[in-house]
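Working notes for the structure below.
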């Protein structure tokens, strides 16, 4: 202790103490760096609890990937569009359970085109049962109050009348998922319950203008599967839509361009926002379906960056012509 | 241990106590903050699931909307209110338009016809905090070729075959019918009149409308872009309106800036933005424009004109006919220059 009792430090002591202090600071910094978790806490969900949506796709058939049918009557066009892809029997086998995910995002009248058309949903339910489906589920996780959305859009009633089981979102139907190589969908709650034990998944969506995304079509429809504070994804809308196209692998998508919401989307609010295009698209390749669908909104494929992002991620192709689309006019 | 000569034990003790107190405060802050952490930052919904029904909208009583119930109609549900934090739950992808325009609160109420359940409509009352904000969201969403309405107390107003849309002071109001129906039309117009008659507003006026030349103007064509007008980030508070000239519709625009220097700088930036996006400068054919150094550009086959005078930046946007566009620009320049000199 004699050294410490000296009035003055010599150079050796100073360097010695400075060195020790530096080592202490460096050690503390290193420990902090090693302990820092940049992903934040993962409350209550460990890796084993994460779920992955099943792959609902059917084997590809060359020349029967996308059909585009012109006509004013949705029932007629959807029947023809599915027939051109090989018939409903290609997509639904006897005793299978089918989930249909229409766009029921808003509690608005079907006349406004903000939601899937109830007559179209009912007809697809009927087709699934005709193919021998054991059960058809119609479900969505709307932005507005789910009960009001299914009631006022008319989808709840017509689906029920067609024999479908309508499932509204409840807390116990959500599970967390992480998309492999995903940037945004990481440990995020998704509406999983209705799809857990089904064999097939069919998406039905209208063609709409969308203030944030440019357009809302088949791929954007899967946004409804996201739970939690999903509005945060609006900041990176193109990435989230592309990731949804990787997360969901549907059997078939049906894109309804019979009446297209050209302006003020995605909610619209006036029939004057709509324009008749009398076009219905059915496809097993949703990137291709949306790539054709954007032309109904007078948009180019390059106007919707999420299309090329989804293509790059391997979810489909924007070059729908390469798939030899089958055109038909009724 | 003996004391060290030269050391101020009191000072060292005070510093030590101070440091310990700071550490204690930091610890206390962390302890308190952990109860209020925003888990949404980590993509975690604290409910551990999707939105519950209760989460969908904060439902509160709004007597003012209840009181608007027209004869022959019932309330379909309780009034819903939304704020900046949950507006997206009601209008999803359209929320940014409102949020970026000063949105304060939305109140909605559905009414259903007592005799026909298929006849219902929804009243949306957007409190946009300022007259200009309300006019902006009204004008940028305005449907073309609609029927203009007018009733006491309201701002601009129109109807489509299933809806009524208007501003009243700082409020932007939409009434959206479930279908096209005269019964709904009458009920919605009655509510609109009642709302405008009963809701007190500040006497705030938008003065920029009067800055446009009146001749050949298409009534009801005014728009206000609060931000990103014509795709250019620097273009804020831009008023635009359409003119009918030589059987063509031409859009003129203007904005009052804080001072002439800002106006000149904004005009230059917009000119540069157009050039960067492949516009090509061309000489004006109109001598007034030529003499006043007004910029004329070809932009993918359309004519863009841009100039500043006094505190104003103004011009013509995407005109098909260059001669007509230059005539309109010359009139706009003359009027704004006169106003600038008089101020």
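Since every read-out is calculated from the coordinates, none of them should be taken as a lab result. Since we're looking at a predicted model, the values are computed, not measured. Please note: Cβ atoms are built from the backbone with ideal geometry, for glycine as well, and neighbour counts cover all protein chains shown.
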Fill in the blank from the handout: Per residue, the convex hull enclosing the alpha carbons of segment A:154-198 has a volume in Å³ of 106
Practice task
First check a/c for segment A:36-154, with a ≥ b ≥ c the square roots of the eigenvalues of its C-alpha gyration tensor; if it is under 1.5, answer rounded, and if not, answer prolate when a/b is larger than b/c or oblate otherwise.
Solution key: oblate
Handout entry: Mean separation of Cα contacts under 8 Å (6+ apart) over length of segment B:131-230, as relative contact order %
Key = 30
Problem - In degrees, nearest ten, helix A:118-130 long axis to first principal axis of chain A (Cα) - result: 80
Fill in the blank from the handout: The base-10 log of I(q)/I(0) that the Debye equation returns for segment A:255-302 at q = 0.33 Å⁻¹, one scatterer per C-alpha, is -1.21
Problem - Interatomic Cα distance distribution for chain A, bins of 20 angstrom, percent - result: 31, 49, 9, 8, 4, 0
Exercise for the section: Using every Cα-Cα pair within chain B, state what percent have a distance larger than 26 Å. Expected result: 62
Completion exercise
Eigenvalues of the alpha-carbon gyration tensor of segment B:218-331, times 5 and square-rooted, give semi-axes in Å, largest first, of 19, 17, 14
Exercise for the section: Mind running the shape call on segment A:160-230? Use the C-alpha gyration tensor, a ≥ b ≥ c as the square roots of the eigenvalues: rounded below 1.5 for a/c, prolate if a/b tops b/c, oblate otherwise. Expected result: oblate
Problem - Unit Cα scatterers, Debye sum, segment A:151-297: log10 I(q)/I(0) for q = 0.08, 0.11, 0.12, 0.19 Å⁻¹ - result: -0.23, -0.45, -0.54, -1.35
Exercise for the section: Name the most mobile residue of B:280, B:131, B:296, meaning the one with the largest mean-square fluctuation, in a Gaussian network model of chain B with Cα contacts below 10 Å. Expected result: B:280
Handout entry: With Cα atoms, 0 to 90° folded angle of helix A:74-84 axis to chain A main axis
Key = 80
Completion exercise
Only helices counted: for chain A, with every DSSP H run of 4 or more residues adding -39500 (n - 2.57) and the sum spread over all residues, [θ] at 222 nm is -8500 deg cm²/dmol
Handout entry: Most mobile listed residue (B:12, B:233, B:80) in chain B, GNM with C-alpha springs under 10 Å
Key = B:12
Handout entry: On Cα atoms only, tilt of A:237-247 relative to the major axis of chain A in degrees
Key = 70
Practice task
Note down the relative contact order for chain A as a percent, whole number, built from C-alpha pairs under 8 angstrom at least six residues apart.
Solution key: 22
Exercise for the section: Quick one: grab the alpha carbon gyration tensor of segment B:81-224, order the square roots of its eigenvalues as a ≥ b ≥ c, and give me rounded if a/c is under 1.5, else prolate or oblate depending on whether a/b is larger than b/c. Expected result: oblate
Handout entry: Average beta-carbon neighbours from other chains, 10 Å sphere, peptide A:62-72
Key = 0
Exercise for the section: Sort A:51-58, A:316-323, B:172-179, B:286-293 for me by packing, meaning the mean count of neighbouring Cβ atoms within 10 Å per residue, highest on top. Expected result: B:172-179, A:316-323, A:51-58, B:286-293
Problem - Semi-axis lengths, Å, the protein assembly as shown, gyration tensor of Cα atoms, sqrt of 5 times eigenvalues - result: 48, 41, 28
Fill in the blank from the handout: Shielding of A:144-150 by other chains, given as the mean Cβ count within 10 Å, works out to 5
Completion exercise
Residue-normalised 222 nm signal for chain B, counting each DSSP H run of n ≥ 4 as -39,500 (n - 2.57), nearest 500 deg cm²/dmol, is -10000 deg cm²/dmol
Practice task
Using only atoms on other chains, find how many Cβ atoms lie within 10 Å of each Cβ of peptide A:266-278 and report the average.
Solution key: 5
Problem - Computed over chain B: relative contact order in percent, which uses C-alpha pairs under 8 Å that are six or more apart - result: 9
Completion exercise
Most fluctuating of A:113, A:314, A:227 in the GNM of chain A (C-alpha, under 10 Å) is A:314
Problem - Cα-based Kirkwood hydrodynamic radius, segment A:64-216, one decimal, Å - result: 16.4
